[in-house]
Amino acid sequence: MAITENQLDTWSHVGSQQQSAATYQAIRSVLEHRDAPYAGRDFEIFLQGSYGNDTNVRGSESDVDVVICLTDVFNSDISGLDPADKQAYEANRSPASYGFSEFKAEVLAWLGANFGSGVTPGRKAIAVPGEGNRRDADVLACIEHHRYTSYRTPLNNRYHVGVNFFSSDGDRIVNFPKQHKKNCTSKHQATNGRFKSNVRVLKNLRNAMVNDGYLKKGIAPSYFLEGMLWNVPNQNFVAGYQQSFENYICWLERCNVSDLSCANDLHWLIRENSNICWSLQGFQTFLTAARQYWNSSGR
């Protein structure tokens, strides 16, 4: 018996917005303060993650993911350029004396000075514990990233703008959160406002599967679930959540997995040994568990 439409409709509802918005403003006001050690540099602050994309669900994913990106300098990927363009880029490149390490250290120190000793650096982001009405937050300090598609001169070039940072164990990670958000919004509009609510249904389904022992925690991160559904053709998102689930699960079970992209459309979704992609085993494990849970559920 499939999960009831009533339950799926409940799962489709967005999680806390007001408290998350207040948390973001509190973190942002501290990061933007004129006394911050990096205040004289150019940087940008924005949201990423489930709250930033309106796909957060109730009772979990309470962290607010805040990005502070240094734009004074940038890291580059020129692997897609032809030899002449690479030569032109290298001829105009100049090293920076201040970069990711210095910026992250200053952001970490400033957050600690304002939010206390509970502020701790994690593998990727800086954890800021909640207090009172403020939720827990993760602050990602990073620098701008340019993935070049052409380079003739400093004023005649094209590139995709992303973010670049290093994990605590030295892995370099490049991502494109703004493109992810933009593409998810476009998908939502193209599906008559059905995409994001179905993402929330799937996240709640995953949480129920973990709680009921069908899936181990960490197998299906929210970022990859959003990317997975972003690939599903628009016509599969219909008025009913039960039928939508059947449609997109069937499509995903039959698709060419190697063709799936992350929602940013700049990284592959499924690749092995990558810190920005989902493993094939993780993808298949989730789909198998979702099908089993769906077919055996008496909700």
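When N counts the residues of the range 1-79, how does its alpha-carbon radius of gyration compare numerically with 2.2 N^0.38 Å, as a ratio?
The reported ratio for this selection is 1.55.
What's the angle, to the nearest 10 degrees (0 to 90), between helix 195-211's Cα axis and the longest principal axis of the chain?
Value to nearest ten degrees: 70.
Among all the lysines, which ones have a C-alpha under 27 Å from Lys203's C-alpha, if same-chain residues fewer than 8 places away are not counted?
Here the lysines satisfying the reach criterion relative to Lys203 are Lys124, Lys178, Lys181, Lys182, Lys187, Lys216, Lys217.
Calculate, for Cys250 and Arg123, the FRET efficiency according to 1/(1 + (r/R0)^6) with r their C-beta to C-beta distance and R0 25 Å; round to the nearest 0.05. Could the numbers behind the result be given before it?
Details: r = 36 Å, r/R0 = 1.44.
Taking R0 as 25 Å, the efficiency between Cys250 and Arg123 is 0.10.
What per residue convex hull volume, in Å³, do the alpha-carbon atoms of the range 80-131 yield?
113
Could you estimate the translational diffusion coefficient of the chain from the Stokes-Einstein equation, with Rh from the Kirkwood formula over C-alpha pairs, at 4 °C and 1.567 mPa s, in whole µm²/s? Could the numbers behind the result be given before it?
Details: Rh = 20.8 Å.
It comes out at roughly 62 µm²/s.
Given the whole protein assembly as supplied and a 1.4 Å probe, what does the accessible area of Val201 come to in Å², nearest 10?
Result for Val201: roughly 10 Å² accessible.
Could you state the accessible area per residue of the chain in Å², with a 1.4 Å probe and every protein chain left in place?
Averaged over the residues of the chain, the accessible area is 48 Å².
What size of dipole, in debye to the nearest 20, comes out for the chain about its Cα centre when the only charges are +1 on Lys and Arg C-beta atoms and -1 on Asp and Glu C-beta atoms? It would help to have the intermediate numbers written out before the result.
Numbers: 30 positive and 30 negative charges, 100 e Å.
For the chain, the charge dipole is close to 480 debye.
What is the helix-to-structure angle for 177-190, meaning the angle in degrees between its Cα long axis and the longest Cα principal axis of the chain, kept from 0 to 90 and rounded to the nearest 10?
The angle comes out near 40 degrees.
Where in the range 190-219 does the label zone of Gln17 land, with the point 7 angstrom along Cα→C-beta and an amide N cut-off under 17 Å?
193-201
Regarding the range 143-197, what's the average projected area of the Cα-atom convex hull, expressed in nm²?
Mean orientational projected area (the range 143-197, Cα hull): 6.0 nm².
Taking the Kirkwood radius as the inverse of the mean 1/r across Cα pairs, report the Rg/Rh of the range 161-295.
Looking at the range 161-295, the ratio lands at 0.96.
Using only Cα atoms, find the angle between the long axis of helix 100-115 and the longest principal axis of the chain, and express it within 0 to 90 degrees, rounded to the nearest 10.
Relative to the chain, helix 100-115 is tipped by roughly 70 degrees.
Ordering Arg41, Arg152, Arg254 by accessible area with a probe of 1.4 Å, largest first, what comes out?
Details: Arg41 85, Arg152 130, Arg254 175 Å².
Per-residue accessible area, sorted high to low, gives Arg254, Arg152, Arg41.
Which of Cys277, Val119, Val139 sits farthest toward the positive end of the charge dipole of the chain, with +1 on the Cβ of Lys and Arg and -1 on the Cβ of Asp and Glu?
Most positive-ward Cα: Cys277.
Rounded to the nearest 500, what is the chain's calculated 222 nm mean residue ellipticity when only DSSP H runs of at least 4 contribute -39500 (n - 2.57) each, over all residues?
-12500 deg cm²/dmol
Have a look at Ser50, Gly130, Ser94 and report the one farthest towards the positive end of the charge dipole of the range 47-139, computed about the Cα centre with Cβ charges (Lys/Arg +1, Asp/Glu -1).
So the residue furthest toward the plus end is Gly130.
Taking the Cβ of Asp85 as the center, what net charge do the other residues with Cβ under 15 Å away carry, scoring Lys and Arg +1 and Asp and Glu -1?
Every neighbour counted, the sum reads +2.
Counting DSSP beta bridges in the chain, what percent are antiparallel, to the nearest 5?
So the antiparallel bridges amount to about 70 percent of the total.
For a quick protection proxy, order the peptides 99-106, 268-275 by their average other-Cβ count within 10 Å, most packed first. Don't jump to the answer; show the numbers that get you there.
Values: 99-106: 17.2, 268-275: 13.9.
With the highest mean Cβ count within 10 Å placed first, the list reads 99-106, 268-275.
Gln235 to Leu287: FRET efficiency via 1/(1 + (r/R0)^6), r the Cβ-Cβ distance, R0 22 Å, to the nearest 0.05?
0.65
The values are calculated or read from the model by the stated rules, or taken from the named source; none is laboratory data. Only a predicted model underlies this, so the values are computations on that prediction, with no experimental measurement involved. All Cβ positions, glycine included, derive from the backbone under ideal geometry; neighbour counts span all protein chains shown. Keep in mind that these areas ignore ligands, DNA and RNA; they rest on the heavy atoms of the full protein, side chains included. Shrake-Rupley method; radii C 1.70, N 1.55, O 1.52, S 1.80 Å.
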